[in-house]
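Encoded as structure tokens, the structure appears first; notes follow it.
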Amino acid sequence: MPRAPRIEFAGAIYHVMNRGDQLERIYLDNTDRNKFLQTLGQTAKSAGWSIHSFCLMPNHYHLLLETHRPTLVKGMQYLNSTYTRRYNLRHKSFGHLFQGRYKALLVDPENSGYFLTVSDYIHLNPIRAKMIRDINLLWKEPWNSVGWFACKRAKMPDWLAWQRV
């Protein structure tokens, strides 16, 4: 039975997440994390996305993104496949990096409370996973957008849309 097609439209907001194959790590070091963020920025620019929140965990990532054109599928295909190629080239490995299909949940743009709840959920992921014990250390975590929103980091990426959060 074929999968249901993705719902795509201009102005859609999604909570997107994807996990490593067999829950394996998708970043081995900070160079990998920087490569992923670089690829995310390239994707946001070419696909016409605004990234409202992100969090990179060792074996998965979360994004809160808005599509200004109906480009979720093509953008996600580019993001995941390009990062996988870059990862495999760097680590002299091969094959897929991510497990199955990414998850994309629509977020109601009219419900600002839900939008902020999703953003909080994304930002607090390292706390819930007990990777960070003190919430004050979360602001310093470079693989999470919350530090820029709290003005604890310099030079916010131009693809990160802070206004709504």
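The values are calculated or read from the model by the stated rules, or taken from the named source; none is laboratory data. Predicted, not measured: the structure shown is a model, and the values here were computed from it. Glycine also receives a Cβ, built like all others from the backbone with ideal geometry; neighbour counts cover every protein chain displayed. Accessible surface areas use protein heavy atoms only, side chains included; no ligands, DNA or RNA. Shrake-Rupley method; radii C 1.70, N 1.55, O 1.52, S 1.80 Å.
What does the net charge come to around residue 89 if you take all other residues with beta carbon closer than 14 Å to its beta carbon, with K and R at +1 and D and E at -1?
Value of the local net charge: +4.
Between [x] 1, 7, 14, 15, 13, 11, 8, 7, 7, 6, 5, 3, 1, 0, 0; [y] 1, 7, 12, 17, 19, 17, 15, 8, 2, 0; [z] 2, 8, 18, 22, 22, 16, 9, 3, 1, 0, which matches P(r) over Cα pairs in 5 Å bins from 0, in percent calculated for the structure shown?
Correct label is [z].
Just to confirm the filter: which chymotrypsin sites (Phe, Trp or Tyr not before Pro) across segment 1-33 are DSSP coil and have at most 11 other Cβ within 10 angstrom of their Cβ?
9
According to the square roots a ≥ b ≥ c of the eigenvalues of the Cα gyration tensor, what is the shape class of segment 67-165, taking rounded for a/c under 1.5, prolate for a/b larger than b/c otherwise, and oblate for the remainder?
It is oblate, given that a/c is not under 1.5 and a/b is not larger than b/c.
What is the calculated FRET efficiency for residue 3 to residue 131, with r their C-beta to C-beta distance and R₀ = 35 Å, to the nearest 0.05?
The pair residue 3/residue 131 has a calculated efficiency of 0.65.
For the chain, with every protein chain kept in place, what is the accessible area per residue (1.4 Å probe, Å²)?
Per-residue accessible area for the chain comes out at 56 Å².
For the chain, give the percent of accessible area contributed by carbon and sulfur heavy atoms, probe 1.4 Å, rounded to a whole number.
Carbon and sulfur together cover 56 percent of it.
I need to check one value: relative contact order of the chain, counting alpha carbon pairs closer than 8 Å and at least 6 residues apart, in percent.
31 percent
Nearest 20 debye, what's the magnitude of the dipole of the chain about its Cα centre given +1 on Lys and Arg Cβ and -1 on Asp and Glu Cβ?
The calculated dipole for the chain is roughly 500 debye.
To the nearest 0.05, how large is the calculated FRET efficiency for residue 164 and residue 94 if R₀ is 35 Å and r is the Cβ-Cβ distance?
Working from the Cβ atoms, E equals 0.35.
Which of the trypsin sites (Lys or Arg not before Pro) found in segment 91-156 are in a DSSP loop and have at most 16 neighbouring Cβ atoms, other than their own, within 10 Å?
Listed in order of number, the matching sites are 92, 101, 130, 133, 140, 152, 153, 155.
If the chain between residue 25 and residue 117 were fully stretched, how many nm would it gain, using 0.36 nm times the residue separation less the Cα-Cα distance?
30.5 nm
Select from 84, 73, 119 the residue farthest towards the positive end of the dipole of the chain; place +1 on Cβ of Lys and Arg, -1 on Cβ of Asp and Glu, and compute about the Cα centre.
My answer, from the dipole projection, is 84.
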